[in-house]
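Engineer: Next up is a structure, given as structure tokens.
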Amino acid sequence: MQYDEVNAMDQELEQIRDIWTEAFFSGNYAVLAQYEHEQFKVVYEQEGRVESNFVRYDRIAHAVQNGVWKPQKPVIDFEEFDYDEDLKHCTVLIGLQDQKWIQESWINQGSWKIIELRFLKPKKAAQDE
């Protein structure tokens, strides 16, 4: 039973992530708003900066209106999904081909919504430490 529940959650979350991702790359902030939690934020660890969804929507809308919204799709090496026990929270770790990492935090309160997108600081190689 637990495996079936996780499998169903995986499928539901994957579908929502696909819609959310496509909305981002197409600049459709109205759809983004449907799948982003009201407390959604983007954290840029390297820059020490946090961006709220409202600032982001304005920035995206402005870029789309001016024809300059052209975000580059990253090349993904892997994605790891980590659900909590009650299947209400999921952390997705994304490893990119350029050795960068992104972490998505999702919450399920009737439907999945992303609550945080975090661009992680690069990890130092063992020989650098």
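Engineer: I'm trying to understand the selection: among the residues of the range 36-82, which are charged (D, E, K, R), touching a strand residue (DSSP E or B) at 6+ places or on another chain (Cβ under 9 Å), free of Cβ contacts under 8 Å to residues at least 40 places away in the same chain and open to solvent by 40 Å² or more (accessible area, probe 1.4 Å)? Give the derivation first.
Structural biologist: We begin by selecting, within the range 36-82, every residue charged (D, E, K, R); these are 36, 38, 41, 45, 47, 49, 51, 56, 58-59, 70, 73, 77, 79-80, 82.
Now drop any that are not touching a strand residue (DSSP E or B) at 6+ places or on another chain (Cβ under 9 Å), which leaves 36, 38, 41, 45, 47, 49, 51, 56, 59, 77, 79-80, 82.
Then drop every residue that is not free of Cβ contacts under 8 Å to residues at least 40 places away in the same chain, which leaves 38, 47, 49, 51, 56, 59, 77, 79-80, 82.
Once the filter is applied, which keeps residues that are charged (D, E, K, R), touching a strand residue (DSSP E or B) at 6+ places or on another chain (Cβ under 9 Å), free of Cβ contacts under 8 Å to residues at least 40 places away in the same chain and open to solvent by 40 Å² or more (accessible area, probe 1.4 Å), the range 36-82 yields E38, E47, R49, R59, D77, E79, E80, D82.
Engineer: Being surrounded by 15 or more Cβ atoms within 10 Å (Cβ to Cβ) and either more than 24 Å from D58 (Cβ to Cβ) or touching a residue at least 40 places away in the same chain (Cβ under 8 Å) (or both) is the filter here, so list the residues in the range 5-35 that pass it.
Structural biologist: M9, L13, I16, R17, W20, F24, G27, Y35
Engineer: Shifting gears a bit: Do we have Q99 as assigned to a loop (DSSP other than H, G, I, E, B) and of a type outside the set (A, V, I, L, M, F, W, C) here?
Structural biologist: Numbers: assigned to a loop (DSSP other than H, G, I, E, B): yes; of a type outside the set (A, V, I, L, M, F, W, C): yes.
Against the criterion (assigned to a loop (DSSP other than H, G, I, E, B) and of a type outside the set (A, V, I, L, M, F, W, C)), Q99 qualifies.
Engineer: Within the range 1-89, which strands (runs of 3 or more DSSP E) (wholly inside it) include 2 or more residues that are within 17 Å of the chain's Cα centre (by Cα) and more than 15 Å from L117 (Cβ to Cβ)? It would help to see each step written out before you state the result.
Structural biologist: Working: elements: 36-44, 49-52, 76-83.
Answer list for the range 1-89: 76-83.
Engineer: Restricting to the range 109-121, name every residue that is out of contact with any helix residue (DSSP H, G or I) (no Cβ under 7 Å at 6 or more places or on another chain) and more than 18 Å from L93 (Cβ to Cβ). Give the steps one after another, and end with the answer.
Structural biologist: The initial filter retains those residues of the range 109-121 that are out of contact with any helix residue (DSSP H, G or I) (no Cβ under 7 Å at 6 or more places or on another chain), namely 109-111, 115-121.
Of everything in the range 109-121, those that are out of contact with any helix residue (DSSP H, G or I) (no Cβ under 7 Å at 6 or more places or on another chain) and more than 18 Å from L93 (Cβ to Cβ) turn out to be Q109, G110, S111.
Engineer: Moving on. Taking the condition under 13 Å from the mean Cα position of the chain (by Cα) and farther than 23 Å from G27 by Cβ, does L93 pass? It would help to see each step written out before you state the result.
Structural biologist: On the way: under 13 Å from the mean Cα position of the chain (by Cα): yes; farther than 23 Å from G27 by Cβ: yes.
Here the answer is yes, as L93 does meet what is asked.
The values are calculated or read from the model by the stated rules, or taken from the named source; none is laboratory data. Small disclaimer: the values here were computed from a predicted structure and weren't measured. Glycine also receives a Cβ, built like all others from the backbone with ideal geometry; neighbour counts cover every protein chain displayed. The protein model used for the area step is the full one, side chains on, heavy atoms only, and it has no ligands, DNA or RNA in it. Shrake-Rupley method; radii C 1.70, N 1.55, O 1.52, S 1.80 Å.
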